[in-house]
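Taking it in order: structure first as structure tokens, then the write-up.
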Amino acid sequence: MGVFGNPLESKIDDLEQLVPNVDTSWNWGMEVERHDWRPVWALCKEIQQDFRDTRDFESREMRQAAWERFAAIRSKASRLADHEKQALWDQSKKHRDELMYEMKSVTWSPFDDIMFFFDPTTVDEIKAMCSSLNQIGQKLKKHKHLMLGEHKSEVFERMQYKRSQLDHFWEKRREAHSQRQQEYEQKHEAWRKRVRANLEKNRDQLSRAQDAAKRTRDRISENEDKLYETESEKWQGIFSEWIERDAGKLADIEESIERIEGWIAEGEDKLSGS
């Protein structure tokens, strides 16, 4: 509770109320609850600024106690936010994997029909695949609120790829056998080249992002050491601000890394499955 009505202590009380009281053991099979952490981080930033600007404490010990209480609440919020982010990612990945697995049965290429000319894919089989793909699309629509953007994009792009395969069947079915095979080989090789080129570009981008993440973590670690060592209130505020700034940068970089890794995994999967 706030000490003698101190406004800063009152804000710390407000911050404590904002941080959700959740069980980090998280029950599997239950929908993960999303929290809006923006008010929490905004109030943290405001409190940090108040610590830099305010001297309205009866003693240095009371100020230190208030700071330690604030830091503990902020750390708890950070841990919960990280846990929630991971739980949301796990939940999203589970739905992505299930949809991806279902799409394995939806596949066709002219090459297969040429290789197995004695048992080519029938129109009824392609219609059944189209129906399966439509059902998968309905499942994606049903579960999209439980999935992250990157995973929804992966599933949607894979669905587009699968749909393009099925559309290709109808297109090639209207053509002569020799023309169908020639066009398929040209398109397939061009597609493989694009995927390989994109893989190379994404791998280079991933390497640069990982280097940037390492540099940012090193800066955070260095400033944390300085924060713990200094007794200067001024430098405590400066180091805290630098740490917060770099933590935000690191979160953005790590989000980019996850996205790029998803692109790379998708590209490698396309190549291995083509």
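Things to note:
- Pairwise label distance in nanometres, residue 97 with residue 193, each label 7 Å out on the Cα-Cβ vector: 3.7
- Remark: region 154-274 projects, on average over all directions, an area of 9.1 nm² (convex hull of Cα atoms).
- On region 146-252, 48 percent of the accessible area sits on carbon and sulfur atoms, based on a 1.4 Å probe.
- Efficiency of FRET from Cβ geometry, residue 79 and residue 46, R₀ 35 Å, rounded to 0.05: 0.95
- The chain: DSSP helices with Cα axial extent of at least 27 Å and average Kyte-Doolittle hydropathy no lower than 0.0: none
- Point-to-point label distance, residue 238-residue 62, nm (Cα→Cβ direction, 7 Å offset): 2.9
- Averaged over its residues, the chain has an accessible area of 63 Å² per residue, based on protein heavy atoms and a 1.4 Å probe.
- Between the residues 227, 80, 7, the greatest Cα displacement towards the positive end of the dipole of the chain, with unit charges on the Cβ of Lys, Arg, Asp and Glu, is found for 80.
- Total charge dipole magnitude, the chain, about the Cα centre, Cβ charges on Lys, Arg, Asp, Glu only, Debye to nearest 20: 1060
- Square roots of 5 times each gyration tensor eigenvalue, C-alpha, the chain, largest first, Å: 55, 22, 11
- Low-density loop cleavage sites - trypsin sites (Lys or Arg not before Pro) in region 186-274, where at most 13 other Cβ are within 10 Å (DSSP): none
- Residue pairs, from the table 94/201; 85/193; 249/270; 104/187; 172/270; 226/249, whose Cα atoms sit over 24 Å apart: 94/201; 85/193; 249/270
- For region 56-85 versus region 178-207, the gap between their alpha-carbon centres in whole angstrom: 52
- As a calculated quantity, the FRET efficiency between residue 222 and residue 131 at R0 = 51 Å, using C-beta atoms, amounts to about 0.30.
- With the helix formula -39500 (n - 2.57) applied to DSSP H stretches of n ≥ 4, the chain reaches a computed 222 nm mean residue ellipticity of -28500 deg cm²/dmol.
- Restricting the GluC sites (Glu not before Pro) of region 189-274 to loop positions (DSSP other than H, G, I, E, B) with no more than 10 neighbouring Cβ atoms within 10 Å leaves 231.
The values are calculated or read from the model by the stated rules, or taken from the named source; none is laboratory data. Fair warning: this is a prediction, and the values are worked out from it, not measured in the lab. Note that we place each Cβ from the backbone using ideal geometry, even for glycine, and neighbour counts take in every protein chain shown. Keep in mind that these areas ignore ligands, DNA and RNA; they rest on the heavy atoms of the full protein, side chains included. Shrake-Rupley method; radii C 1.70, N 1.55, O 1.52, S 1.80 Å.
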